[in-house]
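Encoded as structure tokens, the structure appears first; notes follow it.
The values are calculated or read from the model by the stated rules, or taken from the named source; none is laboratory data. From a predicted model like this one, the values you see are computed outputs, not experimental measurements. A quick note on method: Cβ atoms are made from the backbone with ideal geometry, for glycine too, and the neighbour counts reach across all protein chains shown. Just so you know, the surface numbers come from the protein's heavy atoms only, side chains and all, with ligands and any DNA or RNA stripped out. Shrake-Rupley method; radii C 1.70, N 1.55, O 1.52, S 1.80 Å.
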Amino acid sequence: MARNQRKNPRYVVCRQIGSRTYYYWQRPGFKTERLPNDERRRKDRADALNALADADRVPIIETGDTVRDVVRAYERSERYARLAAGTKKYYNRYLREILRAFGSVPFRQLSRRIVIDFVTTGRNAGEQHKVRGVMSVLFDQARYLGLVDSNHAENLRLEMPRKRAEMWSQQDIDVFLAAAAKHAEARRVRMYFQICRFTAQRPGDAAVMQWGQYNGSSLQLTQQKTGKLVDVPCHAELRAELDAAERSSIYVFADAEGNPLPFWRLAEWERQTRRTCGLEHLQIRDLRRTAMVRMAEAGAEITDIAAVSGHTIAATVQILETYIPRTRRMAERAILAWERPKRTE
């Protein structure tokens, strides 16, 4: 009985990228080639390549032209080394994903259509912009190495992420703290919340704090995303809680062995607490925006707010519309200032 013929010849690999399927002839020691999607044409070309390879007539693959080679070159670059810790963390995530999808593919075969499918398929708007940025720096690296002439990750028509404007009211805060008191990890949930609430820092930075960063009057920390050192004076309520807290480890949030708790654990406890009290429409990161708004409402200048949040002055001006939505209280203060009679000399 004749043996069943294979659907694909030897060394033909199939890659699914979003809704599209691509085929490659990928034989160790030889140059990878993309094959036609038409089954008969694909088989004929793969058979021809295998025949040439068997006769040792296909050129040995040139080193340094695959996606993996470009990723490795980028990871050895000064540009990669200068990334802030927080940025490097998500870059590494997407670099690994790119390697899984295209590692052995020659970089020049990453067409604009492939890039668009990879960036947009199955991702929300925020993720699309992040992975597009990673793809763009790889294209810059490949262009520097002379592998491509253009950057297919530039000028993609991506949906803009929705800018969050949610803020925590005092009632929301009271409800959360009451629910946190009933949590199995009440002390740590409350401390995590209060640090985020009163420092205007990112949750990830709050989660990795050490007691040495608190000197009794302020908190000093290096922001993971920007690498910037900030010195935040402690709000009286936060100072009281820090002074009263037990210190069994160098870390503010530590496990039984004194090691730092993983960020996802604190985030999970905080989400559990919000679910139990009906505050799922809010997020812990909204406390950063809330703190900046409260400072603005109290009359703080842009420079004052930037000194706390860690933004540059220029960046603070640019993002005010996002982080400091105008409130009725601000409008009332402006009108009162306008109404106030000018002092005569």
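Listed conditions (1) at negative phi; (2) part of a loop (DSSP other than H, G, I, E, B) are all met by Glu270, apart from (2).
In this structure, Arg27 qualifies as surrounded by 14 or more Cβ atoms within 10 Å (Cβ to Cβ) and in a loop (DSSP other than H, G, I, E, B). Residues in region 208-240 that are within 22 Å of Val175 (Cα to Cα) and touching a residue at least 24 places away in the same chain (Cβ under 8 Å): His235, Glu237, Leu238. Does Asn151 satisfy the criteria of being assigned to a loop (DSSP other than H, G, I, E, B), free of Cβ contacts under 8 Å to residues at least 24 places away in the same chain, more than 21 Å from the chain's Cα centre (by Cα) and closer than 30 Å to Leu99 by Cα? Taking the combined requirement at face value, the residue satisfies it. Taking the listed residues Met135, Met160, the one that is assigned to a loop (DSSP other than H, G, I, E, B) and under 17 Å from the mean Cα position of the chain (by Cα) is Met160, with no other qualifying.
Within the set Ala55, Ala48, the sole residue that is open to solvent by 50 Å² or more (accessible area, probe 1.4 Å) and over 30 Å from Arg162 (Cα atoms) turns out to be Ala55. Looking at (1) free of Cβ contacts under 8 Å to residues at least 12 places away in the same chain; (2) in contact with a His (Cβ under 7 Å, 6 or more places away or on another chain), can you tell me which one Val189 breaks? So Val189 meets the others, but not (1).
Considering (1) under 30 Å from Phe198 (Cα atoms); (2) hydrophobic (A, V, I, L, M, F, W, C); (3) open to solvent by less than 50 Å² (accessible area, probe 1.4 Å), the lone condition that Phe139 does not fulfil carries the number (1). Contact map, region 128-143: first residue farther than 15 Å from Ala73 by Cβ, second residue of a type in the set (Lys, Arg), Cβ cut-off under 7 Å, separation 6 or more or different chains; pairs are Val131/Arg123.
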